[in-house]
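J.: Structure in structure tokens, see below.
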Amino acid sequence: MTPQCEVVGSCATAPTAAGSASSYLVRGDTGFVLVDAGPGSLLAYLQAGHDLAELRAIVVTHLHADHSLDLMAWAYRWTFPEVLPEIPLFVPAPEIRRLKQFDALFGIPTLPTMKSPIFQSWSVHGLPQDGTTWHEVDGLRFLSYAAHHSVPSAALRFEANGGGVLAFSSDTGYCEAVVEAARGADVFVCEATYLEADSDALTGHGHLTARLAGQLATEAGVRQLVVTHLSDPAMGPQALVDAAESFRGPIHLAAPGLTV
Ligand SMILES: [Zn+2]
């Protein structure tokens, strides 16, 4: 069975009227893995009717604020008013030091459970981004790959028992590692930050246009494509047209509540 993906929020950079910034749920055997904790994601998760007790793990693809800023909101909630059960938190391995700086900034030394909110809430694991080291959680297993971005960024490949595959590009330029992450996926959630962009944005900093997202999906041989992380939600209709120039399968526009 293919792991199911539910979009909590899909906006790039900041929440808009269209919902929260990057945040997705992957359904496991008994609960969910949260992929990214962008601004507004905690509120959006609760407003979607989910309970904190349903979370089995958190994976943050990279530490740009639009994917990680709400981690502290989640951690505060995890430790106050009561302390919730510890679950794993995965981030790209080179970013663990920077994650400790989040705690140094926002920890509350006078509250014993909130001195280091993130490291006290969760068991923190570094993702090696090597495409070979499996992590297992709640009946799912996943690999992480080195996406091409201005900070360490992990493309993800989730597999369920029975072999269904759900992949996430994270923020990335076009690169072989993300093609491998998405290879033969049943569902590929791919960033499409721009409609048009110069090479600095695409191959320097590292993002995709909707056209490139379609090309990447075709090269990887995926079955269904979900385009997300549009720099402006108004781009949606054109992003679908552009992605369809190079990808012939079903294409969905990520939006809160979309379940694929
Ligand atoms: Zn980014």
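J.: When region 66-88 is examined, which residues are found to be without any contact (Cβ under 8 Å) to a residue 40 or more places away in the chain, surrounded by fewer than 23 Cβ atoms within 10 Å (Cβ to Cβ) and touching a strand residue (DSSP E or B) at 6+ places or on another chain (Cβ under 9 Å)?
T.: Residues of region 66-88 that are without any contact (Cβ under 8 Å) to a residue 40 or more places away in the chain, as a first pass: 68, 73, 77, 80-87.
Within this subset, residues satisfying the condition of being surrounded by fewer than 23 Cβ atoms within 10 Å (Cβ to Cβ) are 73, 77, 80-87.
Scanning region 66-88 gives LEU84, GLU86, ILE87.
J.: Pick from region 184-195 the residues that are in contact with an Asp or Glu (Cβ under 9 Å, 6 or more places away or on another chain) and in a loop (DSSP other than H, G, I, E, B): which of them is surrounded by the most Cβ atoms within 10 Å (Cβ to Cβ)?
T.: Only one residue fits best here, namely ALA192.
J.: Suppose we filter region 170-183 for residues that are assigned to a loop (DSSP other than H, G, I, E, B), open to solvent by 30 Å² or more (accessible area, probe 1.4 Å) and charged (D, E, K, R); how many remain?
T.: 1
J.: Any residue in region 170-188 that is more than 16 Å from the ligand (Cβ to nearest atom) sitting within a Cβ distance under 6 Å of a residue that is in a loop (DSSP other than H, G, I, E, B) and of a type in the set (A, V, I, L, M)? List the pairs, counting only those 6 or more apart or interchain.
T.: ALA182/VAL222; ALA185/VAL222; VAL187/VAL260; PHE188/VAL222
J.: Something else about it: Among the residues of region 30-37, are any among the aliphatic types (A, V, I, L, M), at pLDDT 95 or above and farther than 17 Å from HIS135 by Cα?
T.: Yes, region 30-37 has at least one match.
J.: Right, another one. Mind telling me which of the residues SER22, SER68, SER41 ends up being among the polar types (S, T, N, Q), in contact with a Leu (Cβ under 8 Å, 6 or more places away or on another chain) and within 16 Å of the ligand (Cβ to nearest atom)?
T.: SER41
J.: Moving on. Taking region 21-53, which residues are touching a Gly at 6+ places or on another chain (Cβ under 8 Å), in a loop (DSSP other than H, G, I, E, B) and open to solvent by 10 Å² or more (accessible area, probe 1.4 Å)?
T.: GLY28, ASP29, THR30, GLY40, ALA48
J.: Under 16 Å from THR2 (Cβ atoms), among the small types (Gly, Ala, Ser) and either surrounded by fewer than 16 Cβ atoms within 10 Å (Cβ to Cβ) or more than 14 Å from the ligand (Cβ to nearest atom) (or both), is that true of ALA213?
T.: It is false that ALA213 is under 16 Å from THR2 (Cβ atoms), among the small types (Gly, Ala, Ser) and either surrounded by fewer than 16 Cβ atoms within 10 Å (Cβ to Cβ) or more than 14 Å from the ligand (Cβ to nearest atom) (or both).
J.: Between PRO233, PRO152, which is within 26 Å of ALA37 (Cβ to Cβ), open to solvent by 10 Å² or more (accessible area, probe 1.4 Å) and within 15 Å of the ligand (Cβ to nearest atom)?
T.: After ruling out the rest, the residue left standing is PRO152.
J.: Another question, if that's okay. For the subset of region 119-132 comprising residues that are of a type in the set (S, T, N, Q) and more than 18 Å from the chain's Cα centre (by Cα), which member is farthest from ALA160 (Cα to Cα)?
T.: Per the stated criteria, the residue is GLN120.
J.: Further, regarding this structure: Can you tell me which residues in region 125-149 are within 16 Å of the ligand (Cβ to nearest atom), in contact with a Phe, Trp or Tyr (Cβ under 8 Å, 6 or more places away or on another chain) and among the small types (Gly, Ala, Ser)?
T.: SER144
J.: I've got another one for you. Mind checking whether some residue in region 121-144 is out of contact with any strand residue (DSSP E or B) (no Cβ under 9 Å at 6 or more places or on another chain) and either surrounded by fewer than 22 Cβ atoms within 10 Å (Cβ to Cβ) or under 24 Å from ALA220 (Cβ atoms) (or both)?
T.: no
J.: Also, quick follow-up: Answer with yes or no whether ALA167 is open to solvent by less than 30 Å² (accessible area, probe 1.4 Å), of a type outside the set (D, E, K, R), assigned to a strand (DSSP E or B) and more than 16 Å from the ligand (Cβ to nearest atom).
T.: For ALA167, the condition - open to solvent by less than 30 Å² (accessible area, probe 1.4 Å), of a type outside the set (D, E, K, R), assigned to a strand (DSSP E or B) and more than 16 Å from the ligand (Cβ to nearest atom) - is met.
J.: Also: Could you list, in sequence order, all residues of region 209-260 that are within 20 Å of SER23 (Cβ to Cβ), without any contact (Cβ under 8 Å) to a residue 60 or more places away in the chain, part of a helix (DSSP H, G or I) and not aliphatic (A, V, I, L, M)?
T.: Residue satisfying the conditions is GLY236 alone.
J.: Within region 196-224, track down each residue that is among the hydrophobic types (A, V, I, L, M, F, W, C) and modelled with pLDDT of 95 or more. Break it down into steps so the answer makes sense when it comes.
T.: The initial filter retains those residues of region 196-224 that are among the hydrophobic types (A, V, I, L, M, F, W, C), namely 197, 201-202, 208, 210, 212-213, 216-217, 220, 222.
Result: LEU208, ALA210, LEU212, ALA213, LEU216, ALA217, ALA220, VAL222.
The values are calculated or read from the model by the stated rules, or taken from the named source; none is laboratory data. The structure presented is a predicted model; accordingly, all values stated were derived computationally and were not measured. Counting neighbours? That spans all protein chains shown, and the Cβs are built from the backbone with ideal geometry, glycine included. Note: areas computed on protein heavy atoms with side chains; ligands, DNA, RNA excluded. Shrake-Rupley method; radii C 1.70, N 1.55, O 1.52, S 1.80 Å.
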